[in-house]
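Trainee: Take this structure, written in structure tokens, and hold onto it; I'll ask about it next.
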Amino acid sequence: MPCVADWLNNPFSIVQGIFAQNVPNSDWEKKVTEYFKEKLKENNATNWVPSLNDVPVHYLKPNSLVKFRCMVQDMFDPEFYMGVYETVDPNTNARVLHFGKYRDVAECGPQQEIDLNSSQTVTSERQTFYCVPVPGESAWVKEAYISASQARVSPSTSYTPSRHKRSYEEDEDMDLHPSKQKEQHMGSGGDTHGCVEPKRLETEASAGHHLISPNCSPPLDLNFPLPGEKGPACLVKVYESWDSFKVNDVLEVYGILSVDPVLSIINNEERDSSALSPMESMDTAEEQRVHSPPASLVPRIHVILAQKLQHINPLLPACLNEEESKTFVSNFMSELSPVRAELLGFLTHALLGDSLAAEYLILHLISTVYARRDVLPLGKFTVNLSGCPRNNIFTEHIYRIIQQLVPASYRLQMTIENMNHSRFIPHKDYTANRLVSGVLQLASNTSLVVDETQLEQGQLDTKGVHNVTALGNLITWQKVDYDFNYHQMEFPCNINVLITSEGRSLLPSDCQVHLQPQLIPPNMEEYMSSLLTAVLPSVLNKFRIYLSLLRLLDYSISEEVTKAVEEDFVEMRKNDPESVTADDLHRTLLVARFLSLSVGQTTLSRERWLRAKQLEALRKARLQQQKCVNGNEL
């Protein structure tokens, strides 16, 4: 009987036990899933599973259970594998059934061979997703997940560390030299159970050709959407319900880690054979390189359980529909009012004493696309904060503050150089048969802060024009048109865009708020830095829960209030037909929606409607005043 920890350290022993008891009945696969699902429901069991987000790959035991919080960056072609296969001992003719699920390489004993013609062989299909850590994930999110982890890890190779956990920043170089591990394996290893070739399960051509010589191989591009990202990329192999996952979904997967060096050996052999006979290989060398990178650089996870994440805020329950979560929500909602007041005060200080701009920033941060009518995304609330000091320190610190409040964010400095040289739009590379990522390939509810204050005079080239157009489409339609060379493919998104600028932004926005500083600190750097240090960590955590939770609440407007709003709008049009438009009604309804949610109300009241009208009147009056001062277009 397997011991208690075996489901974590040696999940194959559990799978083998269930397989042996249930074969030839096909229910064994379902029973494996149910077994691990029940195990993970036990008290804090998920915290005992090591995470690839926190722990470098070489600290994890091969073939152990791991988890990974990730975004689907690309989707490869489905692959076939031997779900069940039979081995035979040539001396005794003894036959044994094995499972091939959750494995990259089929296994057999020293004196056994795989019978490829066996009637017991079952060919199955699985889907491979190329997954990366969530782009722009905030440091506080990573730290909170690491703090909650109770996983015990130790090095899985001969390398002995001085402590149990090390971050990717410290260990990133350690993972860039798989050749040593490969040489050790090959040096000790003429004996690879005597059946390397038949053991190959994957039908797609694979190659380790970039390991021809460690000294001259080009670096492997892990295809992260944002520059400077850390962490592993993984090939996530899904066996059930893969149709429910798509590119850009954020997942948490639990599965068996595969970092078998044999993969690199097999890949090298395939490379050598295809070099001798190019007609035998349908895939290009580049495609082989991308789709089968060394397992030490891009580990494989064979998924037992996977779920889409509603959010990645570790301070909130993962699923808000469960009974325990409802208690958490109701308890937090009961103290919402003081949290909102503190957050408003905090953001007012950050915006140099401007409480109106702080109100709109709160509404922006809890906004989300809640539905789509034809092509129109409902709920998007892009704010253009104009009147920002040209001082780079101010906009940089505003971004740092947002970074401390939301789970994922990115600051895009809108300079001519960035526009002309950055890769914004993901495009399909048909040679490597992969989707090459771009800055705008982001997960839902990411905060994108576009800093226009750095924009100088200059000429946009063709790429720059395409990038600016893509940004405009993202803001207006909440979609990015990925470039597939011969056609464009629409990928809907849900990105909160805040634009900081001196005058009115060149980009479209739903709402322009002109900053009116009530104080000009003599030392901007010192003032802005002191804001975050002055907030207690417990208060900061309440702000984080507040902003994430309110995005997930449902909202409705009763028929009675709808009728009152319509009548009110008709009156407004009568009084001022020139300046009150349908766009004003739409914007005011949006402001009223997020204003209601910001105080924990999930329906619109007369009081909140009047407050929304008041905020809009103040905002417009400020813009009109600014126009009179400098004659700028509104």
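Trainee: Just a yes or no: is a residue in segment 396-412 touching a Gly at 6+ places or on another chain (Cβ under 8 Å), hydroxyl-bearing (S, T, Y) and farther than 30 Å from K627 by Cα?
Mentor: yes
Trainee: Follow-up. How about segment 444-462: which of its residues are surrounded by 15 or more Cβ atoms within 10 Å (Cβ to Cβ) and over 19 Å from M489 (Cβ atoms)?
Mentor: Scanning segment 444-462 gives N445, T446, S447, L448, V449, V450, D451, E452, T453, Q454, L455.
Trainee: Turning to a different aspect of this structure: If we scan segment 552-559, do we find a residue that is touching a residue at least 40 places away in the same chain (Cβ under 8 Å) and more than 30 Å from the chain's Cα centre (by Cα)?
Mentor: yes
Trainee: Another one. Can you tell me how many residues within segment 29-57 are touching a residue at least 24 places away in the same chain (Cβ under 8 Å) and either within 26 Å of G100 (Cβ to Cβ) or open to solvent by less than 10 Å² (accessible area, probe 1.4 Å) (or both)?
Mentor: 15
Trainee: Could you please give the count of residues in segment 580-623 that are surrounded by fewer than 14 Cβ atoms within 10 Å (Cβ to Cβ), touching a residue at least 12 places away in the same chain (Cβ under 8 Å) and in a loop (DSSP other than H, G, I, E, B)?
Mentor: Qualifying residue count, segment 580-623: 1.
Trainee: Kindly establish whether L549 is at pLDDT 90 or above and closer than 22 Å to P135 by Cα.
Mentor: Against the criterion (at pLDDT 90 or above and closer than 22 Å to P135 by Cα), L549 qualifies.
Trainee: Take the residues of segment 113-132 that are open to solvent by 10 Å² or more (accessible area, probe 1.4 Å) and closer than 23 Å to L251 by Cα: which is farthest from the chain's Cα centre (by Cα)?
Mentor: Result: E125.
Trainee: Please work out which residue is farthest from K230 (Cα to Cα), limiting yourself to segment 99-137 and to residues that are touching a Cys at 6+ places or on another chain (Cβ under 9 Å) and of a type in the set (V, I, T).
Mentor: Ranking the candidates gives I114 first.
Trainee: Taking the stated definitions as given, is Q518 open to solvent by 50 Å² or more (accessible area, probe 1.4 Å), touching a residue at least 12 places away in the same chain (Cβ under 8 Å) and closer than 23 Å to L363 by Cα?
Mentor: yes
Trainee: Okay, moving on. Just to check your reading of the model, which residue among S292, S325, S296 is among the small types (G, A, S) and surrounded by fewer than 23 Cβ atoms within 10 Å (Cβ to Cβ)?
Mentor: Sole residue among the options that is among the small types (G, A, S) and surrounded by fewer than 23 Cβ atoms within 10 Å (Cβ to Cβ): S325.
Trainee: Which residue, of T348, T395, is open to solvent by less than 20 Å² (accessible area, probe 1.4 Å), assigned to a helix (DSSP H, G or I) and of a type in the set (S, T, Y)?
Mentor: Matching residue, one of T348, T395: T395.
Trainee: Follow-up question, since we're still on this one. Out of all the residues in segment 575-634, which are of a type in the set (G, A, S) and modelled with pLDDT of 90 or more?
Mentor: Selection gives A592, S596, S598, G600, S605, A612, A617, A621.
The values are calculated or read from the model by the stated rules, or taken from the named source; none is laboratory data. This one's a predicted model, so the numbers in the text were calculated from it and none came from an experiment. Every residue, glycine as well, gets a Cβ built from its backbone with ideal geometry; the counts of neighbours run over all protein chains shown. Ligands, DNA and RNA are excluded from the accessible area calculation, which covers all protein heavy atoms including side chains. Shrake-Rupley method; radii C 1.70, N 1.55, O 1.52, S 1.80 Å.
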